[in-house]
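For reference, the structure is listed below as structure tokens.
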Amino acid sequence: MGAGRVYRGGSADGPSSSISPSSAQPPSETASTSVTQTVNGSHDFKITGYSLSKGLGIGRYIASDVFMVGGYTWAIYFYPDGKSPEDGASYVSLFIALASEGTDVRALFELALLDQSGKEQHKVHSHFGRNLEAGPYTLKYRGSMWGYKRFFKRTALEESDYLKDDCLSVRCSVGVVKSHTEGPKVYDIPVPPSNINEHFGQLLERVEGTDVRFDVNGEVFNAHKLVLAARSPVFMAQFYGPMKDRDKECIKVDEMEAPVFKALLHFIYWDALPDIEELTGLSAKCASTLMAQHLLAAADRYALERLRLLCEVKLCEDVAVNTVATTLALAEQHHCQQLKSVCLKFVALPDNLRAVMQTEGFEYLKTSCPSVLTQLLEYVARTGEHCAVTHDYISQALDGGDANGRRVKQRV
């Protein structure tokens, strides 16, 4: 039997073709980054009645409310008689404790006793802003603490600026160490901002698919029931609830001006206030304020809370002598407490009050919301600002007098 021939690197049919170096794929190159950083937060703990806490007992503490930083809850423990029996209650102790479940939680801490004299000379023990030879502190389990048994000598504390009106203020800062790995970003897809409001706004302007009309002082507005109902619970009830105006083709809107209803529709579709000057054809500031007043009332009528708040902000920014009285009445009628507070503070100044009392709006305020004048008097008494002078003016107003002490006939 003859010997067979062995072919190396090929098949029985013949040698395989060789692969040239130039046709080989380049080596894959990838990269990733490990990012370690801290998630930071702080908590202020006020301890009142410090002298009453003395004698609580060594090892017994006063605890703050729990607070969350970095996905864990924490609490500050203050020991008025100290934590260690060997110190004999001569030191106060201060600790930060892990209050939630967790194992090997690594964190940086800062405990500060705040100087209450205004000198900013706080007593601070901190991990932040310095190199830590052993790295961040590790809390092994729930209840683990970091702090100082001898945080401050008690006799020194009681003679210091840290104690004021029998009160101490402690600030604790926590930085929980978090790590994650970032790989390469293999895409770059720009996502434009949402423009759904533009689509709805254009739907209103093109009047496509409208199924309801509103008659406001003879001016007719077309709209879409579903859009209105989605934005306003009042329209929802009107079109699809027991009130059921769904079959009406034209709904008459009373006690509202056409430009105000137009602005209301603009907000419903665009989710933004319209250009008041463009809407009214007036550039005066008082025209803008007047529109905001009417629009606030309309927003309250149709339960459009965001619009109501936008109008409240606008009116707070535009408080002026000639409009503040009507704005104050509006704030009282529609329960806008912050707007009411801003108006009261403005009117309470004597120079402003003299001028405000000369306006027609003040007469309207007296007849529509007389209780507000009493509240104004109480506000002045509480703040103590120019109390005597302002008290006289308001008392005259309550008695039916004007800024010069003359009797005025109130509107009925």
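The values are calculated or read from the model by the stated rules, or taken from the named source; none is laboratory data. Source: prediction; values computed, not measured. Cβ sites come from the backbone with ideal geometry, for glycine too, and all protein chains shown count toward neighbours. We work out accessible area using only protein heavy atoms, side chains counted, and drop any ligands, DNA or RNA first. Shrake-Rupley method; radii C 1.70, N 1.55, O 1.52, S 1.80 Å.
Here the range 34-181 is described by how far its Cα atoms reach on the three principal axes: 51, 33, 28 Å, from widest to narrowest.
To the nearest Å, what is the center-to-center distance of the range 149-173 and the range 87-135, using C-alpha atoms only? About 13 Å separates the Cα centre of the range 149-173 from the one of the range 87-135.
Semi-axes of the equivalent ellipsoid for the range 205-276, computed as √(5λ) from the eigenvalues of its C-alpha gyration tensor and ordered from largest down, come to 18, 14, 12 Å.
Sorting 26-33, 38-45 by their mean Cβ neighbour count within 10 Å, with the most densely packed peptide first, gives 38-45, 26-33. In this rough spin-label picture, where each label sits 7 Å from Cα along the Cβ direction, the residue 358-residue 35 distance is 6.2 nm. Surface analysis of the range 195-317 yields an accessible area of 55 Å² per residue, using protein heavy atoms and a 1.4 Å probe.
The H on the amide N of residue 321, modeled in the peptide plane, is under 5 Å from the matching H of no residue at least 5 residues off or on a different chain. With the full set of protein chains in place, find how many percent of the accessible area of the range 107-244 is carbon and sulfur; take the probe as 1.4 Å. Result for the range 107-244: 50 percent of the exposed heavy-atom area is carbon or sulfur. Taking θ as phi - 60° and the Karplus parameters 6.51, -1.76 and 1.60, the scalar couplings of the range 321-333 work out to 4, 7, 10, 5, 5, 5, 5, 5, 4, 4, 4, 5, 6 Hz in sequence order, x denoting glycine and proline. In the P(r) worked out for the range 195-317, what percent of Cα pairs fall beyond 21 Å? For the range 195-317, the fraction of Cα-Cα distances above 21 Å is 37 percent. Using the Cβ-Cβ distance between residue 210 and residue 133 with R0 set to 60 Å, the FRET efficiency from 1/(1 + (r/R0)^6) comes to roughly 0.25.
In this entry, the range 101-236 is assigned a mean projected area of 21.0 nm², taken as a quarter of its C-alpha convex hull surface.
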